[in-house]
1. Sort through 201, 156 and tell me the only one that's closer than 28 Å to residue 120 by Cβ, modelled with pLDDT of 95 or more and in contact with a Pro (Cβ under 6 Å, 6 or more places away or on another chain).
2. Kindly indicate the residue of segment 80-107 that is polar (S, T, N, Q) and assigned to a loop (DSSP other than H, G, I, E, B) and also nearest to residue 45 (Cα to Cα) among those meeting that condition.
3. When you scan segment 8-46, how many residues do you find that are of a type in the set (S, T, N, Q) and over 21 Å from residue 126 (Cα atoms)?
4. Within segment 1-79, which strands (runs of 3 or more DSSP E) (wholly inside it) include 3 or more residues that are surrounded by fewer than 21 Cβ atoms within 10 Å (Cβ to Cβ)?
5. Regarding segment 214-222, can at least one residue be identified that is of a type in the set (A, V, I, L, M), in contact with an Asp or Glu (Cβ under 6 Å, 6 or more places away or on another chain) and under 27 Å from residue 31 (Cβ atoms)?
6. Select from segment 217-245 the residues that are in contact (Cβ under 8 Å) with a residue 60 or more places away in the chain and touching a helix residue (DSSP H, G or I) at 6+ places or on another chain (Cβ under 6 Å) and write down the one among them that is surrounded by the most Cβ atoms within 10 Å (Cβ to Cβ).
7. Need the failing condition index for residue 84 against (1) surrounded by 21 or more Cβ atoms within 10 Å (Cβ to Cβ); (2) polar (S, T, N, Q); (3) touching a helix residue (DSSP H, G or I) at 6+ places or on another chain (Cβ under 8 Å), just the number.
Amino acid sequence: MQLTPLPALRDNYIWIAAHDGGGPAVIVDPSEAGPVLAAAAAGLEPAGILLTHHHPDHIGGVPALLAHWPQLPVIAPVDERITTATRRVGDGDTVELGSWRFEVIAVPGHTLSHVAYVGDGLLFCGDTLFSLGCGRLFEGSPAQMHASLSRLSALPGDTRVCCGHEYTLANAAFARVVEPDNPALARRIEEAQAMRERGHPTLPSTIAGECAANPFLRVDSADVRAALRRQLGREVRDSVDAFAELRRWKDGFVA
């Protein structure tokens, strides 16, 4: 499989996935058209576009891509704010594009209509799960986001996490404050620093790696609970309370 994160805007990635044997590729969350059209000039043949949520930095390039490929399928969540969709999908739906087959998982939290796509060992999760972090809660509740992350963390450990932004090192600064003695986190930070120094993306990560090092997937661990106790001066009530307070802490965090 050829999996390419195309840099776009300031820190976005447009994901391109193609099978080694050839055939059309899937385009995920094209924030702008330029990088995709450049890939097309180098031989990219698209099978369709997958959109995870309505934010402009994930859908902004679609109109120009449709001007270039008018018949291209555009798969999107049920959200009228995405006007370019040719098919709208929800939890449990199946998407087939060329030789690709994806299951749709509803992951409300960052936005209420956010979805993720899982197939061929890949997870396209937009702004729900990041490497060492998670998305801000612009529309959903902590309970919704915690439930969404719990669903994603239950995927097979070797599932590759293809998220929407290069946030790994920024997230690492907070994660290290929460769990300074986590060896898996230390290894991930060292690995990510080396990747960025070479000009490479830190993505994709894996579900197993995130479960070992991402504090937002570890709200029930003793170390994260202890960090929250020190931060709050109280015990958290349950997993949702732990997640909510961890997200609130991150929202106000300055490295």
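The values are calculated or read from the model by the stated rules, or taken from the named source; none is laboratory data. This structure is a prediction, so every number in the text was calculated from the model and none was measured. Here Cβ is always computed from backbone atoms with ideal geometry, including for glycine, and neighbour counts include all displayed protein chains.
1. On the way: 156 fails: in contact with a Pro (Cβ under 6 Å, 6 or more places away or on another chain).
Selected residue: 201, the only one of 201, 156 that is closer than 28 Å to residue 120 by Cβ, modelled with pLDDT of 95 or more and in contact with a Pro (Cβ under 6 Å, 6 or more places away or on another chain).
2. Applying the first criterion (polar (S, T, N, Q)) to segment 80-107 yields 83-84, 86, 94, 99.
Filter once more, keeping what is assigned to a loop (DSSP other than H, G, I, E, B): 83-84, 86, 99.
Numbers: 83: 23, 84: 20, 86: 19, 99: 13 Å.
Per the stated criteria, the residue is 99.
3. At the first step, the residues of segment 8-46 found to be of a type in the set (S, T, N, Q) are 12, 31.
Next cut, over 21 Å from residue 126 (Cα atoms) only: none.
The number of residues fulfilling the criteria is 0.
4. Details: elements: 2-8, 12-18, 25-28, 46-50, 74-77.
Correct list: 2-8.
5. Going residue by residue through segment 214-222, those that are of a type in the set (A, V, I, L, M) are 217, 219, 222.
If we keep only those that are in contact with an Asp or Glu (Cβ under 6 Å, 6 or more places away or on another chain) too, we end up with 217.
Now restrict to residues that are under 27 Å from residue 31 (Cβ atoms): 217.
Scanning segment 214-222, I find at least one residue that is of a type in the set (A, V, I, L, M), in contact with an Asp or Glu (Cβ under 6 Å, 6 or more places away or on another chain) and under 27 Å from residue 31 (Cβ atoms), so the answer is yes.
6. 243
7. (1)
Let's see how each residue does on (1) of a type in the set (Val, Ile, Thr); (2) free of Cβ contacts under 8 Å to residues at least 40 places away in the same chain; (3) touching a Cys at 6+ places or on another chain (Cβ under 6 Å); (4) within 15 Å of residue 27 (Cβ to Cβ):
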| site | (1), (2), (3), (4) |
| --- | --- |
| 47 | no, no, no, yes |
| 58 | no, no, no, yes |
| 61 | no, no, no, yes |
| 69 | no, yes, no, yes |
| 76 | no, yes, no, yes |
| 86 | yes, yes, no, yes |
| 90 | no, yes, no, no |
| 96 | no, yes, no, no |
